[in-house]
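Computed from the coordinates by the stated procedures, all read-outs in this text should not be read as laboratory data. Here the structure is a predicted model, which means the values were calculated and not measured. Every residue, glycine among them, receives a Cβ derived from its backbone with ideal geometry; neighbour counts consider all protein chains shown.
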Amino acid sequence: MKNIVILGSTGSIGTQTLEIIRYHKDIHPVALAAGHNIDRLEAQAREFLPRMVCVWDEERADELALRLKDTPVKVASGMEGLLEAASMEEAQMVVTAVVGMIGIRPTIAAIQAGKDIALANKETLVTAGHLIMPMAREAGVRIYPVDSEHSAIFQSLKGEDSSRIARILLTASGGPFRGWTREQMAGVQVEDALKHPNWSMGRKITIDSATMVNKGLEVMEARWLFDVDFDRIQVVVQPQSVIHSMVEFLDGGIIAQLGTPDMKLPIQYALYEQERRDLPGARLDFAALGKITFEAPDMENFRGLALAYQAGRAGGSMPVVFNAANEWAVNRFLNRRAGFLDITDMIGEAMEAHRRIPDPTVEEILDSEAQTYELLESRWSD
């Protein structure tokens, strides 16, 4: 029996991870962590009986502790609880599926405790990749990407020499507004942006896909995961979402990973450390599919992707500002306090105002995040 910790167990990745565990029955979650959804977390705790659960909100943690008093499950809260869960002695792997930069410190704690990482929290590498990757190498810890695109690259590289990569071809669906101009997107509402054509995801990542900021974050994550520079990471729009990404090698050969748009495949591939196992679900029908098409990304109307390349190439603390500004702006949009196009305007404004730190520490990363929030709050207050 393999023991794992799931940080973000009530979200999209976390719940699908538990579906895989139910199916195979040879993995036990010894700790589960969630933000606020204690109803779902209670149900998970009763079903899987982990040693502990963690709730970010302390008041809700107290309520959950009362609900679970008839069980042996320990209830913790806040960052202290996340760090305790991430470094549990009996766990072999930590699934980091929390949303946002909150994932940095628990990921570091897990690496320091010698745990392999199934990484679904892209912000960790976007903002702290210069710290995380050397730390993982030194600790002998393996990082398995859970993002469908990065898992596809990871799968395409199996048995290959990564020093022979010519280009990473990172595919994108283009989102619900593919082909639209900024003028057409000016009146986009929350409900419109949450209608992704192919994938079922959480609200924040769905908005990021609509702005193509998510693809920009993935570009920055790929830079660290696969040790390639930004000039060798190319985004290709593939609207059918069946090619999840590709790798071109020095000899011109290209290896791609294809499949239905289902996150369970990359999750399972990470959980079982590249072992191919049975997985229920739809299979690609190429005759029914008919064709696979490609387009260049529109970086003029979808500024988020262009700004991501700019932030990534600048390096240092600039990706922190890009990510923090996007988190702040998306939250504001979801709460109907900003327009859709304001999201990338806010990112650009925050980046322009920032004084870049070349090699930020964790404390400087978190300070840069806070300063970005303060700047945007002062400039975009109601």
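Helical content of the chain, expressed as a calculated mean residue ellipticity at 222 nm, amounts to -14000 deg cm²/dmol (DSSP H runs of 4 or more residues, -39,500 (n - 2.57) each, divided by residue number, nearest 500).
Remark: spin-label model distance Asn37-Asp342 equals 2.7 nm, labels positioned 7 Å along the Cα→Cβ axis.
Decide, for the range 55-117, between rounded, prolate and oblate: order the square roots of the alpha carbon gyration tensor eigenvalues as a ≥ b ≥ c, take rounded if a/c falls under 1.5, and otherwise choose prolate if a/b is larger than b/c, else oblate. Oblate, because a/c is 1.5 or more while a/b does not exceed b/c.
Model label points for Thr260 and Leu49, set 7 angstrom from Cα along the Cα-to-Cβ axis, are 3.4 nm apart. The order of the peptides 316-329, 223-236, 2-15 by mean Cβ neighbours within 10 Å, most packed first, is 316-329, 2-15, 223-236.
In the elastic network of the chain, a GNM with C-alpha springs shorter than 10 Å, the most mobile of Ala287, Ala152, Ala43 is Ala287. Among the listed pairs Lys2/Lys291; Lys122/Lys195; Lys74/Lys195; Lys158/Lys291; Lys158/Lys215, those whose Cα-Cα separation exceeds 30 Å are Lys2/Lys291; Lys74/Lys195. Structural descriptor for the range 2-145: relative contact order 22 percent, calculated from alpha carbon pairs under 8 angstrom and at least 6 residues apart. Straight Cα distances below 16 angstrom link Lys115 to the aspartates and glutamates Glu84, Glu89, Glu90, Glu138, Glu273, with same-chain residues fewer than 8 positions distant left out. For the range 151-298, the share of DSSP beta bridges that are antiparallel, to the nearest 5, is 65%. Most mobile of Gly129, Gly187, Gly290 per a Gaussian network model of the chain (Cα springs, under 10 Å)? Looking only at Gly129, Gly187, Gly290, the biggest GNM fluctuation is shown by Gly290. Legend: calculated FRET efficiency, Arg379 to Thr15, from the Cβ-Cβ distance at R0 = 30 Å, rounded to 0.05, equals 0.20. Other residues whose C-beta falls under 13 angstrom from the C-beta of His24 contribute a net charge of +2, scoring Lys and Arg +1 and Asp and Glu -1. Using a Gaussian network model on the chain with a 10 Å cutoff between Cα atoms, which of Gly159, Gly348, Gly35 fluctuates the most? Judging by the Gaussian network model, the answer is Gly159. Estimated at 0.36 nm per residue, the fully extended path between Glu352 and Ala296 surpasses their Cα-Cα distance by 17.5 nm. Of the residues Phe154, Leu225, Gly114, the one whose Cα sits farthest towards the positive end of the charge dipole of the chain is Phe154 (charges of +1 on Lys and Arg Cβ, -1 on Asp and Glu Cβ, taken about the Cα centre). Using R₀ = 30 Å, calculate the FRET efficiency as 1/(1 + (r/R₀)^6) where r is the Cβ-Cβ separation of Ala139 and Asp229; round to 0.05. Computed FRET efficiency for Ala139 and Asp229: 0.75.
Shown for Leu217, Leu66, Leu258, Leu157: other C-beta atoms within 10 Å of each C-beta, ranked fewest to most, produce the order Leu66, Leu258, Leu157, Leu217. Residues Thr71, Thr211, Thr206, ranked from the fewest to the most other C-beta atoms within 10 Å, line up as Thr71, Thr206, Thr211. When both bridge partners sit in the chain, DSSP labels roughly 25% of those beta bridges antiparallel.
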